[in-house]
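> Encoded as structure tokens, here's the structure I'll be asking about.
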């Protein structure tokens, strides 16, 4: 009988301990941690174990909640937070149940990229990552992989450590161009930017400013030198690259600049004052140079560095009535040469071998009393069109001439401006036109044009002090088509072009 009484006591003790232990575990499972067990101590816990009583399992619900994030930029038309005209992506994110996995972050452009990256690539591998952590992302667009102008969409996704992913699309609009940077030329003497070119073989931009040639690394946008020509008798005009030739040819007369050493060489022997210049497409050794005062086109032999003759054109100028040839373009095989003349106006077409005038193309418009006037044009890359900047006519603007028929086929009016210089992008889809004011106290703007749709894509203000004259001169595209160099006063403006 005494033995039986001891067994019942043990049973009662076990039952009481089980109740107390179970109560403790329920409190633990309810996340209200209470460590006191009253009169139940370690011996009782051991007894619980000894009698085979089992604790309740702690069940943690699975994390099924995806992260959330807030896009601070880009939003609508707000895209540039640091003033560099490039897109800044700034996102804050958080996860309610766990932690963000930064390595899972992806950003891709649904509308493509102008660069090596594709629409399926994660831009974190192509753009500059300033910050990527569990709190958010700061990402900066690069010139190498540039978004297109107009409507854009970025797809952003991020996951938490449990594998839950959030994906969203950011929609915003970018301008087709912007003033990207202004470079000090280093020129302190009189003069302003007149001519510009970018040589694709050395990736340098060359801009004439007064009697100096400014040399710029077109990729880093560093001014490398401003080299004054001490023998020039007037301002330098148009620089001309010839692929494979270390010499840059610059009109004033015809000056020669050694590109590797950045030093002036002796000028072309026998050359006269000149403005326009173009390379022959039948004999690469020959340069055609539009001369001032005579209104003729000289032949320059590069190998001899000498003027060897001229095209026998009719109607050249005289000391009493000087004539100027401002620009020149040549078709393949030198089948035709196009040039401008100040007094004749319009665009003249000639056979460069015989000097015969084939056509005199008016660009002034049907109601203009003469042929109109242009100082600059550019040939399309397929040689089918000549784009002409009309500075005097009605209306002023850009005229496209068909080189098969030598007739004007399209006019894009810029009636409130006076177009000056013009350049065509490497893709052939964009034109950039520099302008001057037509009226006092009515500032003109430089213009970016969509060639395919024949419309103005963007206009860029030309601010200056009241009463001051601002000169926007020569213009040239970078070989990548994303940057445009413009000689302006004694500075060089660099524009961004988003194709």
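Every number here is computed from the coordinates shown, using simple stated rules; none is lab data. Being a predicted model, the structure only gives us computed values, none of them experimental. Here the Cβ is made from the backbone with ideal geometry for all residues, glycine too, and neighbour counts use every protein chain on show.
> Ranked highest first by average number of other Cβ atoms within 10 Å, how do 472-480, 318-326 line up?
472-480, 318-326
> Just to confirm the number: angle between the C-alpha axis of helix 2-29 and the first principal axis of the chain, 0 to 90 degrees, nearest 10?
Here the helix axis deviates by roughly 20 degrees.
> In 5 Å bins starting at 0, how do the alpha-carbon pair distances of the range 68-174 split up by percent?
Per 5 Å bin, starting at 0, the Cα pair percentages come out as 2, 13, 25, 26, 19, 9, 4, 1.
> Over the Cα atoms, compute the radius of gyration (one decimal) and Dmax (the largest Cα-Cα distance, rounded to a whole number) for the chain, in Å.
Just the Cα atoms of the chain yield Rg and Dmax of 36.8, 148 Å.
> Sorted by packing (mean other beta-carbon atoms within 10 Å per residue), highest first, where do 393-403, 132-142, 75-85 land?
393-403, 132-142, 75-85
> Calculate, axis by axis, the spread of Cα positions in the range 198-341 along the three principal axes, and write the results as whole Å, longest axis first.
Extents along the principal axes, in whole Å: 46, 34, 25.
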